[in-house]
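One structure is given here, and the rest of the page talks about it.
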Amino acid sequence: MNLQPLLDALGIQEHAAQALADDLRTQIDELQGRLREAQTQLEHLAITRKTVTALADRIPARSSSPDVPEHPDYPRILALINEATVALRAREVCEALDHELLPKNIEGTRAKLKRLVKLCILTELDAGSFAKKP
């Protein structure tokens, strides 16, 4: 029995599989490099966010309205609301301020938003959704 044609066919398949494996290894190496770059960028952005947040907490609150309380969160809340295209909930604002999403922090943020509504700086569109005054 002549096995040569079968061995030749196996050799062709083996060569194709090896070429595919080599190509995939090359792609993996390229993707790992891109992943390392993305992770480094994320680390830098996280450091920048922490630095900016720490600096924002040290800058005295300056607002266009003298009625805005002096807490460092108020200017940041107003900036978030002014940039938002939709009404924001207290949880979303809390998260954007980089506060830990604990009930006490969310409720504290809600209280600040309600205070800005009472000062006629913000409006509460429906229960719990806050936006800038039209």
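Can you work out the Karplus-derived ³J(HN,Hα) for every residue in the stretch 88-96? Use 6.51 cos²θ - 1.76 cosθ + 1.60 with θ = phi - 60°, whole Hz, and x for glycine or proline.
The phi angles translate into 10, 9, 4, 4, 5, 5, 4, 5, 5 Hz.
Expressed as an acute angle from 0 to 90° and rounded to the nearest 10, what is the orientation of the C-alpha long axis of helix 103-118 relative to the principal long axis of the chain?
It works out to around 50 degrees.
On the protein heavy atoms, probe 1.4 angstrom, tell me the percent of accessible surface of the chain carried by carbon and sulfur. Please report the intermediate quantities before stating the final value.
Details: 5760 of 10140 Å².
Percent of accessible area from carbon and sulfur atoms in the chain: 57.
Can you return the aspartates and glutamates within cross-link range of Lys104? Criterion is Cα-Cα under 12 Å, with same-chain partners fewer than 8 residues away left out.
Straight-distance partners of Lys104: none at all.
Extension gain Ala17-His99, at 0.36 nm per residue separation less the Cα-Cα distance, in nm?
Values: separation 82, 0.36 × 82 = 29.52 nm, distance 5.15 nm.
Between Ala17 and His99, full extension yields 24.4 nm more.
Going Cα to Cα from Lys114, which aspartates and glutamates come in below 18 Å? Please leave out same-chain ones fewer than 8 positions away.
Of all the aspartates and glutamates, those that pass the test against Lys114 - Cα under 18 Å, at least 8 places apart if same chain - are Asp67, Glu70, Asp73, Glu92, Glu95, Glu124, Asp126.
Can you pull the one-decimal nm distance between simple spin-label points at Gln39 and Leu24, each 7 Å off the Cα toward Cβ?
If labels sit at Gln39 and Leu24, their model points lie 2.2 nm apart.
Would you compute, for the Cα atoms of the chain, the largest minus smallest coordinate along each principal axis and list the three values in descending order, in whole Å?
Cα extents, longest axis first: 97, 33, 28 Å.
Report ³J(HN,Hα) in whole Hz for each residue of the stretch 15-27, in order, from the Karplus equation J = 6.51 cos²θ - 1.76 cosθ + 1.60 where θ = phi - 60°; Gly and Pro get x.
5, 5, 5, 5, 5, 4, 4, 5, 4, 5, 4, 4, 4
Just to confirm, what accessible area per residue do you get for the stretch 91-134 at 1.4 Å probe, in whole Å²?
Working: 2750 Å² over 44 residues.
Spelled out: the 1.4 Å probe surface of the stretch 91-134, per residue, equals 63 Å².
Find the centroid of the Cα atoms in the stretch 1-49 and in the stretch 97-121, then give the distance between the two in whole Å.
50
Hey, what did the stretch 94-134 get for relative contact order, percent, Cα under 8 Å, at least 6 apart? Working shown, then result.
Details: 28 pairs, mean separation 9.4, N = 41.
In percent, rounded to a whole number, it is 23.
The values are calculated or read from the model by the stated rules, or taken from the named source; none is laboratory data. Computed from a prediction, not measured in an experiment: that's the story for all the values here. Note that each Cβ is placed from the backbone with ideal geometry, even for glycine, and that neighbours are counted across all protein chains shown. Quick note on the areas: whole protein, heavy atoms, side chains included, nothing else; ligands and nucleic acids left out. Shrake-Rupley method; radii C 1.70, N 1.55, O 1.52, S 1.80 Å.
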